[in-house]
Each structure stands twice: as structure tokens, then as C-alpha cells.
Amino acid sequence: MSEENNMNDYHLTFNNNNDDDCHCHDQPLILTKVPVVLAEVDVQIHLDALIKFPAPVLEIKDIKKNVKLTQCRLLLPTNKLFVKGFVRKNIQYASPCKNNIDYRKKNIASDILSLTVDIPFQCVTEIKDFLSKLDMPEVNMRNEFDFLVSRHLPNGCPENKELQTNDLSQFHQESTQFYNELPYCELVSSNIIEWDEAIDRCPLPYHLGEGTFTKIEEKMVLDLIIKVLQKQQVQIYHSKAHEDDHDCDY
């Protein structure tokens, strides 16, 4: 029996020493508030627009496009994402100079002009898969309460009787407001496929295949990748550095 007790004491002593020696693996928790990615959504929007030019267009030289979001709101407590914005287009085009078309030499002198237009868009999409848990908003509360007051009854009532009720001349209330973190969006990327077609092109006389137009009909497929985030309190592990850091054997 004494040998078994000695062995147990040995094991207990060994385990205690092991715990004391391996404190270098402790990692304290730190509470911080950081943006958390809730979802990454692929939104596809179809656009159809009519663009009018202030001058006759002989040829479109270049088109530069930029997508701008004016609204991106996750409507809590639903999973519906409202997106609104516009596509800014800068169109550079050649416009024939007035009274400067030489029909004998078949030359066309043109000015290089530009037109900037905004093509608006809006849509509502549904977030089906959340990457992180959403912090739902806390609901504000208002509670009214009263105090008991005692009043003497008017003349003609027994003197030892009192009227006990609440005081209508006073108003008491407890109100609680929660200032929740509103989810917000970041535009990750955009991809545009468009088809522009002149709808009022008129041929120029004595110029084979040449003509001018002032209106184009545009069809566009706009793909957006939007990241939805929310500031949340999270716990992270912070590894504490030790001057004499060493490995622990188990």
C-alpha cells in the first residue's frame, strides 16, 4: 500500500510541476470591436437606356465607365439588400464639322467631342448565406409607472375614509434606447457587358457607308460583387511574448 501511495504522490507532483512549467502557452483573451464580413453578394442588374447626343455622331471613339453606389442597405431584421446607384459614362465621339464636308474629294472633317451621362439602376436582392452571424438590433423600450397617492374624500363622506389612486397630474416613464451597429457595404468589383446601337442613323450623300446619328439605345448587364459588413465585438487571442520562451514537453 505504501508503494502505491508513493506512486500516486509522484504522479500528482509531476502533474503540478507540468502545469507550472507550461504557463508559456497561456493566451489571454482580448475584447475588441472590428468590422466583420457578413456576406459577399453577387448582384446582376439589367439596364436599358436611351442616350441622346447634342451633336450628330459620325463615329464613337471611346467609352469610359465608372460604377457609383448611392445606396446599399441591408433592411433589418430581414435579409433583403437594397442597392441603388448609377453608371457614369463618358463617350468620346467624332462629329462632322458643319459646312465642311467635301463631297468631291469625299473628305469628312470632324471634331472630337465628349458626352457624360449617368445611367441609374436599382434592385433588391436576398442574402441567402451569411458568412458570419448578424447582430440583430435591440428594440427600444418605454415603460410607464405610477405612484400611489391618498386623498381625503370630499364633504359628506366618512372622515376615516381615504381615496387611494394614482396622481393624474404626474407622468412617470422609463425609456431605453439602443444604438445598434448598422451594416454597411463595400463595392468589391463590377463587370459591364453592353450593346449600343444607333436608332436614327442617316447616310451621308456621296459617302459610301458613312452616316450620322443622334440617338443610341443601350442594353447593359451589370454584375456587382458587394461585401456586407458590420462592426462587432469579438474575442481574439493575444500571445504574450516571454524573454526566456521555451518549449514544454508533455
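The values are calculated or read from the model by the stated rules, or taken from the named source; none is laboratory data. Keep in mind it's a predicted model, so treat the numbers as computed, not measured. Please note: Cβ atoms are built from the backbone with ideal geometry, for glycine as well, and neighbour counts cover all protein chains shown.
Only one of the numbered conditions (1) modelled with pLDDT of 95 or more; (2) touching an Asp or Glu at 6+ places or on another chain (Cβ under 7 Å); (3) polar (S, T, N, Q) is not met by SER150, and that is (1). Summed over the range 175-210, the residues that are assigned to a strand (DSSP E or B) and in contact (Cβ under 8 Å) with a residue 12 or more places away in the chain give a count of 17.
When the range 110-155 is filtered for residues that are loosely packed, with under 13 Cβ neighbours inside 10 Å and hydroxyl-bearing (Ser, Thr, Tyr), the ones remaining, listed by number, are SER114, THR116, SER150. Against the condition modelled with pLDDT of 95 or more and surrounded by 11 or more Cβ atoms within 10 Å (Cβ to Cβ), how does LEU222 come out, does it pass? Yes, satisfied.
Scanning the range 159-184 for residues that are under 30 Å from LYS227 (Cα atoms) and surrounded by 12 or more Cβ atoms within 10 Å (Cβ to Cβ) returns ASN180, GLU181, PRO183, TYR184.
Whenever a residue of the range 214-229 is part of a strand (DSSP E or B), its partners that are buried (at least 19 other Cβ atoms within 10 Å of the Cβ) and among the basic types (Lys, Arg), lying with C-beta atoms within less than 9 angstrom and at least six residues away or across chains, give the pairs GLU218/LYS89.
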